[in-house]
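Step one of this worksheet: look at the structure below.
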Amino acid sequence: MKTQRITRPNALLFDFDGVVVNSFQIHGWSWRAAFESLFQKELPVLNRDAYAGKAPRLIAALFAETQGAPDRANELLMKKQAFLEEAVEPPLLLPGVNAIQQFAKQQGIPYGIASNANRNYVGKSIAQLEIDFEVYFGFEDYTYPKPHPEAYITLAKHLGIKPSEFQNSWVFEDSLVGISAAREAGMFPVGILTQYTAKQLQEAGALISFPTLMEAYQKLKTEL
C-alpha cells in the first residue's frame, strides 16, 4: 500500500487483541481447555477467517456446531471465559502502545479500546500490563459485535466525537472483521499487520497500514 500524507485524527480507536496485545497463545489455550472439558475431544482446526476478530459468542457457536451441539455454545463460552480468568500470565504487549498513548496525550487526542473480547479480560490485561487505557469496551457493551459498526460508534461517541466527525477518527485493526466495522462506521480504518497482509486489509477497507503501532506512532509524530 502506498504511503500518504495524513491529517490530524480527532480520536484514536483501538482494537485490543492483535493491535495492543499478542493474545493468540492465551486465547488458544483457553478455547482448547474449554472444548476438551465440555466435549472430551481436541479442539478442531478451523480456517482463520472463520473466527478471526469475531466475538467470543460467535466463535463458541462455530465450535459447538462442529459437534452438532449448537445448544451448548453458551456453556462452551462460559467455560472459555472461566479458563481465561484463571490465566496467570497476561498477553504480550505489542510494540508502540506506550509511545502512541503518550503522543495522544501530548496532542490532546482522545483514545480508547473497542474489543470483541470479554470486557473483564480486557480490563484485567490492561491492569496487568500497566498500560494507560481508561476507556475500554467489550462485547457485552454492544447489541451487535464487529463487523457491525456499533462497537466503534459506541466508543467514538463516548470520547465526544460527533457522527459528522467520524471520518477523522482513526481505527487501528488487525482483522478483516474489524476493518469492515470501521469502514461501515464511516471512520478512517488503519490496518495493523498482525494477521493479514496490507493488500488483504486494503481490500477490506483499510486506508493505510503499518506493521505495528510503533510505525503508526512514527508516522503521526513525523507529519503532525
Rounded tilt (10° steps) of 119-129 against the dominant C-alpha axis of the chain: 70 degrees
Share, in percent, of DSSP beta bridges within the chain that are antiparallel, nearest 5: 10 percent
Span from the the range 90-123 Cα centroid across to the the range 27-48 one, whole angstrom: 28 Å
Relative contact order [Cα under 8 Å, 6+ residues apart], the range 24-86, whole percent: 39 percent
Segments 113-126, 149-162, 56-69, 181-194 sorted - mean Cβ within 10 Å per residue, highest first: 181-194, 113-126, 149-162, 56-69
Test item: Cα-centred dipole of the range 24-86, Lys/Arg +1 and Asp/Glu -1 on Cβ, debye: 100 debye
Value at 222 nm in deg cm²/dmol, rounded to 500, when DSSP H runs of n ≥ 4 in the chain each add -39,500 (n - 2.57): -13000 deg cm²/dmol
Residues whose placed amide H lies under 5 Å from that of Val171, excluding near-sequence neighbours: Leu13, Phe188, Val190
Top positive-direction residue, dipole computed over the chain with Cβ charges, set Ile59, Gln202, Gln102: Gln202
Cβ charges +1 (Lys, Arg) and -1 (Asp, Glu), total dipole of the range 1-137, debye: 480 debye
Cross-link partners of Lys79 among lysines (Cα-Cα below 17 Å; sequence separation of 8 or more within a chain): Lys41
Nearby lysines by direct alpha-carbon distance to Lys199 (threshold 26 angstrom, same-chain neighbours under 8 apart not counted): Lys2, Lys54, Lys146, Lys219, Lys221
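Read the figures in this text as sums done on the coordinates, not as results from a lab. None of the values given here were measured: they were computed from a predicted structure. Counting neighbours? That spans all protein chains shown, and the Cβs are built from the backbone with ideal geometry, glycine included.
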